[in-house]
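Single-structure report; data block below.
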Amino acid sequence: MENSWGKIGVFSVLLLLPVFLAGKTVTGTEVTGRYTMGFEDRELRDGTQESVMVNYLSFDADRLPMANLSVHGFGKYAREWEEGVSATSIYSLYGNYRTFEGRTDLRFGRFSQESHRFLTLDGLHLTRRPDMPLGYSLYIGQPRYMEIHNQRFERQFRDSGDYLAGGKVFLRGVEGVRANMSYSREGGGGDVYREIIGLGGGRDFFIPHHRQDEEDMILAADGSLDYNPDQSVIDRLSARLFMIYSPRLQAVVQVDRYDVRDDYPTDRELIISLFSTGREDRAKYTITYNLRPELALYQSSVFTELEMPDGARRQGRIIKGGVMGDFQEQWGVDFDAGLYHFDSHLAEANGGAMSVNYHPVQAWNLLLGYEYVDISKPLRDDDSAQTVSVEVGYRPGIKWKVAGYLEHSDNPEYRSDFRTGLRLDYRFGFALGKTP
């Protein structure tokens, strides 16, 4: 317990540091941020109760103690009341020195490394964008793979080396064209854990519409590849094609190869076996067709292939389709309803879900949800589950919102019997120091 209170104390001092420094500024420090608190009580499969509180705090302090310097932080404190388990995680706390148009951009402290969802770096990251066709970035520090799930307490997502160093060269100044090449090395104790050579690029295309009163069709293609020379394997691969054919049609096609122990796409569908090696190949597409500005049809499919420890490949897929509407201006209602099919070597399921969000007045909203699924597993009887959820929210202004919710499922193997909770979201902003 003393250890957890010690972490909270250190966390508080670090977060209050910008406030004390702000009083020294001559340009006027601007502090903005967000605090989110969630408390949930749920019944587990074995009938026991679990109560979890999760707190997130993020802030940005600009012009500290000069116009080009800022401080940023993001952390979590979570506690499970029944077991008395708690954890404090500081995901980022860094200073950022940035000149005009980002020509020089220096980060120092703990920060997220590039676009990686789990990897943070305790160190330095320098980016230079000179008046040349090429820019570059260099970084060095100690890596940490952090778990950010709000119902998990593990601070470290996986083991990492003592250092991570690398850099990137990227193309700049060419409108609609992106290209980069990178190299990184992770190691410790005289050993090299992993080397990665990366390539990436993309381009935007604008195709004129045959009617002058219609907007152009937009195509954007992007791709990246990380190669591990030590193992002679592609560590990560991603390719995406995005299309907008205004005003009706939107389409996204994406192909990925990744290791879930390191990183995965933020919109990833959870088709995963705990017995796999963690390596996955995924192909996904989503098509949205606007019947009218307030009403749209959508269809998406996800195809995933997992690598097993014996070298075998297991496949799974999800096919979804439905309709979504936004009639907030007319009736204060938006909704989403759809059907889905899932199958893999572990199970097969067919289901449907819908949600309705109703604003009787601007400050209040009522969110209703319902889901039904039929589940079929090899060597077991077929099963089904129904889940009903209700949430009431109150937002008196733009700064804060409070919401209470309840969820009930009739199948504890599929989802907790009962979940009740409370969420508080508060956004803040204020100025400190002397203004010009």
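Residues in region 375-419 that are surrounded by 14 or more Cβ atoms within 10 Å (Cβ to Cβ), at pLDDT 90 or above and charged (D, E, K, R): GLU391, ARG395, LYS401, GLU407.
Quick grid of which residues meet (1) out of contact with any strand residue (DSSP E or B) (no Cβ under 7 Å at 6 or more places or on another chain); (2) surrounded by fewer than 19 Cβ atoms within 10 Å (Cβ to Cβ); (3) free of Cβ contacts under 8 Å to residues at least 24 places away in the same chain; (4) at negative phi:
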| site | (1), (2), (3), (4) |
| --- | --- |
| TYR35 | no, yes, no, yes |
| VAL54 | no, no, no, yes |
| PHE59 | no, no, no, yes |
| ARG63 | no, no, no, no |
| LYS76 | no, no, no, yes |
| SER86 | no, yes, no, yes |
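When the criteria are applied in full, GLY161 fails the requirement of being modelled with pLDDT under 90, surrounded by fewer than 16 Cβ atoms within 10 Å (Cβ to Cβ), among the small types (Gly, Ala, Ser) and more than 19 Å from the chain's Cα centre (by Cα).
Here GLU80 passes the criteria (1) at pLDDT 90 or above; (2) farther than 30 Å from ASP226 by Cα; (3) charged (D, E, K, R) except the one numbered (1).
Of all residues in region 284-311, exactly one satisfies the criterion of being under 18 Å from SER238 (Cβ atoms) and surrounded by fewer than 16 Cβ atoms within 10 Å (Cβ to Cβ), namely TYR285.
Summed over region 176-207, residues that are modelled with pLDDT of 90 or more and either surrounded by fewer than 17 Cβ atoms within 10 Å (Cβ to Cβ) or among the aromatic types (Phe, Trp, Tyr) (or both) total 12. Scanning region 32-52 for residues that are in a strand (DSSP E or B), at pLDDT below 90 and hydrophobic (A, V, I, L, M, F, W, C) returns a single hit, VAL52. Residues satisfying the criterion are absent from region 215-228 (criterion: surrounded by fewer than 13 Cβ atoms within 10 Å (Cβ to Cβ) and at pLDDT 90 or above).
Inspection of region 77-98 finds no residue satisfying the criterion of being assigned to a loop (DSSP other than H, G, I, E, B), in contact with an Asp or Glu (Cβ under 7 Å, 6 or more places away or on another chain) and closer than 23 Å to GLY135 by Cβ.
Within region 97-109, residues that are closer than 21 Å to GLY75 by Cα reach partners that are of a type in the set (Gly, Ala, Ser) and at pLDDT 90 or above with beta carbons closer than 7 Å, at six or more positions or on different chains, in the pairs PHE108/GLY95; GLY109/GLY95. So which residues in region 334-363 are exposed (fewer than 14 other Cβ atoms within 10 Å of the Cβ), of a type outside the set (Gly, Ala, Ser) and over 29 Å from THR304 (Cα atoms), if there are any at all? Selection gives PRO360, VAL361, GLN362.
Kindly indicate whether ASP131 is at pLDDT below 90, charged (D, E, K, R) and more than 30 Å from GLU43 (Cβ to Cβ). In short, yes. Filtering region 272-285 to residues that are touching an Asp or Glu at 6+ places or on another chain (Cβ under 8 Å) and either modelled with pLDDT under 65 or of a type outside the set (Gly, Ala, Ser) (or both) leaves ILE272, SER276, THR277, ARG279, GLU280, ASP281, ARG282, LYS284.
So that you can scan it fast, the table gives a plain yes or no per residue for (1) closer than 30 Å to ASP259 by Cβ; (2) free of Cβ contacts under 8 Å to residues at least 24 places away in the same chain:
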| site | (1), (2) |
| --- | --- |
| SER301 | yes, yes |
| THR304 | yes, no |
| ALA312 | yes, yes |
| ILE319 | yes, yes |
| GLN328 | no, no |
| TRP331 | no, yes |
| GLY351 | yes, yes |
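Within region 90-111, the set of residues being modelled with pLDDT under 85 and within 22 Å of the chain's Cα centre (by Cα) comprises ILE90, TYR91.
Just need a number here: residues in region 42-79 that are more than 22 Å from THR29 (Cβ to Cβ), in contact with a Pro (Cβ under 9 Å, 6 or more places away or on another chain) and small (Gly, Ala, Ser).
Final tally of qualifying residues: 1.
The values are calculated or read from the model by the stated rules, or taken from the named source; none is laboratory data. As the structure is a computational prediction, the values presented were derived from the model and not from experiment. Please note: Cβ atoms are built from the backbone with ideal geometry, for glycine as well, and neighbour counts cover all protein chains shown.
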